Amino acid sequence: MGAGHGHDESVVNAAQHHRGRLWAAFALLAALMLVEAAAAFRTGSLALLSDAGHMFTDVLGIGMALAAITATRRAGHDPQRTFGLYRLEVLAALANAVLLSGVAVYVVVEAVGRFGDPPEVLAGPMLAVAVLGLLANVAAFALLRPGARESINLQGAYLEVLGDLLGSLGVIAAALLITFTGWWWTDPLVAVAIGVFILPRTWRLGRAAVRILVQAAPEHLQVTAV
């Protein structure tokens, strides 16, 4: 009992240790999410809108991570609440995976519908906002990376930001191609690429969270050998 409780405390302390970094990433990405969403409607870019949607899940995911950390912190002051509330962190990671999957499917379906008649987009503002998004994601990536190996919740937020960082690069590429070639179909193409990139990562994160919730043995551990 003592050893198990100590392990749970170490997991919670790891998340608590990086709470300040989570708050910084949350504020930064929330501000850029609003800018990207407004710019997506202004420019007509689906790629930018998909990046804003992915950034929304980043913000929501980090918000849930902070909520889980706060809940587990309060649980430590209540003797009636033992290690069970620590699983809120794992539930938050699972919720992140579900939300990201929904966004990815929506973007792919919407983008496929645009291939036949892709609308014109304002490539200049699209490029400027995508560069800002890239810089914000690089900063958030650096903030979350130290805690990604210590907490599955922080790992979920870290993976979301990593995917969004690559998505921003895709939006920048689309904006440049539209500017210099006039290939409007690159906008929905990048949107599809972002959606397809998200899905495998969310599957792995969701699978890891479910394995923890059902108390399955770690995949690298051979139970029969033990």
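The values are calculated or read from the model by the stated rules, or taken from the named source; none is laboratory data. Note that the coordinates shown come from a computational prediction; the quantities given were computed from them, not determined experimentally. Cβ: placed from backbone, ideal geometry, glycine included. Neighbour counts: every protein chain shown. Remember, those area values only see protein heavy atoms, side chains included, never the ligands or the DNA or RNA. Shrake-Rupley method; radii C 1.70, N 1.55, O 1.52, S 1.80 Å.
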Output for Cβ contacts, cut-off 9 Å, separation at least six or different chains, first residue closer than 17 Å to T57 by Cβ and of a type in the set (F, W, Y) in the range 171-199, second open to solvent by less than 10 Å² (accessible area, probe 1.4 Å) and part of a helix (DSSP H, G or I), reads F197/A104; F197/G163; F197/G167
The one condition D164 fails out of (1) modelled with pLDDT under 80; (2) open to solvent by 10 Å² or more (accessible area, probe 1.4 Å); (3) not small (G, A, S) is (2)
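Look at A130 and say whether it is part of a helix (DSSP H, G or I), open to solvent by less than 50 Å² (accessible area, probe 1.4 Å), touching a residue at least 24 places away in the same chain (Cβ under 8 Å) and out of contact with any Gly (no Cβ under 8 Å at 6 or more places or on another chain).
So A130 passes the test.
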Here the residues within the range 111-124 that are of a type outside the set (K, R) and open to solvent by less than 70 Å² (accessible area, probe 1.4 Å) are A111, G113, P118, P119, V121, A123, G124
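Being open to solvent by less than 60 Å² (accessible area, probe 1.4 Å), modelled with pLDDT under 80 and of a type in the set (A, V, I, L, M, F, W, C) is true for just one of A191, A217, A225. Which residue is that?
Details: A191 fails: modelled with pLDDT under 80; A225 fails: open to solvent by less than 60 Å² (accessible area, probe 1.4 Å).
Selected residue: A217, the only one of A191, A217, A225 that is open to solvent by less than 60 Å² (accessible area, probe 1.4 Å), modelled with pLDDT under 80 and of a type in the set (A, V, I, L, M, F, W, C).
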Within the range 16-47, the count of residues that are under 23 Å from V138 (Cβ atoms), under 19 Å from the mean Cα position of the chain (by Cα) and at pLDDT below 85 comes to 6
Q. Does L177 fit the bill of being surrounded by fewer than 22 Cβ atoms within 10 Å (Cβ to Cβ), modelled with pLDDT of 85 or more and not basic (K, R)?
A. yes
> On the given criteria, is V190 under 20 Å from the mean Cα position of the chain (by Cα) and within 17 Å of V109 (Cα to Cα)?
Replying inline: yes
